[in-house]
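Notes follow the structure.
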Amino acid sequence: MVDRREMLARLNPQTVRFDVGQGGGAPSLTTSDIAAALGMVPAGLGREVMEAVYLPDGALRHRPKLAEAVLAIVRPEFTRRARALADAEADLEFVQAIVSLGRRGMSDAQRRALEQRKVAVDQARAAAWLRNTYQHLSRMVDAVVQELASGNHCGNCRGTGLVSEKGCPECRCTGIEPLPDRRRALAMGCDPSAYPKRWRPVFEWLLAELHQAGEVSARKFSRALSSSDYVPEARAA
């Protein structure tokens, strides 16, 4: 099945004309139809991602919009994770204070509570993003867009994003073959040895979010193109 988003390439500056059909006839969709269908896709992250992947020449002019749209989803997620870590640390300090204030030795219940709070802190710390995440965000977005544009289908799910009606664990439901950690690290300009622990969670989260947003906009774009395909027959006088 042809991905109709590939038609967006016609909107890039061309030296070859695509508005002439085979044999001199008019094509079913002109560049005007494609541009009109794109205009019917609501502005936002999904449309910016779709343009960045399939209309790179035009997307260069809208790069600030893509950056703003990405920041709009990254900031609340960054804050949520940081707050979860702060809350977990506060809970641990509270239990430690209770234990230290007790006149007797630590009870079994207190010991279990203390261990549970320590585990919670470790989990929250592992899920939290680094404070300098924003400094690496621009190059990370470029790397994600490049990976989405690669067109390399995941071998585990054959590009569908699903395995036995469940999300593919290999590509995180994107249908795109994941690149090796080293290539991702080099693409975003970070130390390859630091990528797995520090940056992989952020990168994979961003990849999944941008892919999902782009897919939603792609369906709206496809519906708009389908409307352009339909030409009503002239009624008899």
Legend entry - Taking all pairs of distinct alpha-carbon atoms in segment 119-234, Kirkwood radius in angstrom: 16.2
Inset, instruction - Determine the shape class of segment 99-176: with a ≥ b ≥ c the square roots of the Cα gyration tensor eigenvalues, call it rounded for a/c under 1.5, and otherwise prolate if a/b is greater than b/c, oblate otherwise. - result: oblate
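Work out how much length Arg139 to Leu162 would gain on full extension: take 0.36 nm times their residue separation and subtract the Cα-Cα distance, in nm to one decimal. All intermediate terms of the calculation are to be shown ahead of the outcome.
Numbers: separation 23, 0.36 × 23 = 8.28 nm, distance 2.87 nm.
Contour length minus the Cα-Cα distance gives 5.4 nm.
Given a Förster distance of 41 Å, report the FRET efficiency between His153 and Lys118 from their Cβ-Cβ distance, rounded to the nearest 0.05.
Details: r = 43 Å, r/R0 = 1.04.
Efficiency, rounded to the nearest 0.05: 0.45.
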Inset, instruction - Specify which residue in the list Ala43, Gln123, His136 is farthest towards the positive end of the charge dipole of segment 40-138, using unit charges on the beta carbon of Lys, Arg (+1) and Asp, Glu (-1), about the Cα centre. - result: Gln123
Legend entry - Out-of-range pairs (alpha-carbon distance over 30 Å; input Lys166/Lys220; Lys197/Lys220; Lys65/Lys118; Lys65/Lys220): Lys197/Lys220; Lys65/Lys118
Legend entry - Residue-normalised accessible area of segment 132-206, expressed per residue, 1.4 Å probe, Å²: 58
Legend entry - Accessible area of segment 40-120 divided out per residue, in Å², using a probe of 1.4 angstrom: 65
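Can you tell me how much longer the chain between Arg200 and Leu101 gets when fully stretched, taken as 0.36 nm per residue apart minus their C-alpha distance, in nm with one decimal? The partial results should precede the final answer.
On the way: separation 99, 0.36 × 99 = 35.64 nm, distance 4.13 nm.
Between Arg200 and Leu101, full extension yields an extra 31.5 nm.
Ignoring ligands, DNA and RNA, please state the percent of accessible area on segment 95-237 from carbon and sulfur, probe 1.4 Å.
48
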Legend entry - Estimated FRET transfer efficiency when R0 is 35 angstrom, pair Ala82-Met40 (beta carbons, to 0.05): 0.40
Legend entry - Backbone N within segment 129-149 under 20 Å of label point (7 Å from Ala67 Cα along the Cβ vector): 131-147
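The values are calculated or read from the model by the stated rules, or taken from the named source; none is laboratory data. It should be emphasised that the depicted structure is a prediction, and the values quoted were computed from it without experimental measurement. Backbone-built Cβ (ideal geometry, glycine too); neighbour counts: all protein chains shown. Note: accessible area is taken over every heavy atom of the protein model, side chains too, but ligands, DNA and RNA are not part of it. Shrake-Rupley method; radii C 1.70, N 1.55, O 1.52, S 1.80 Å.
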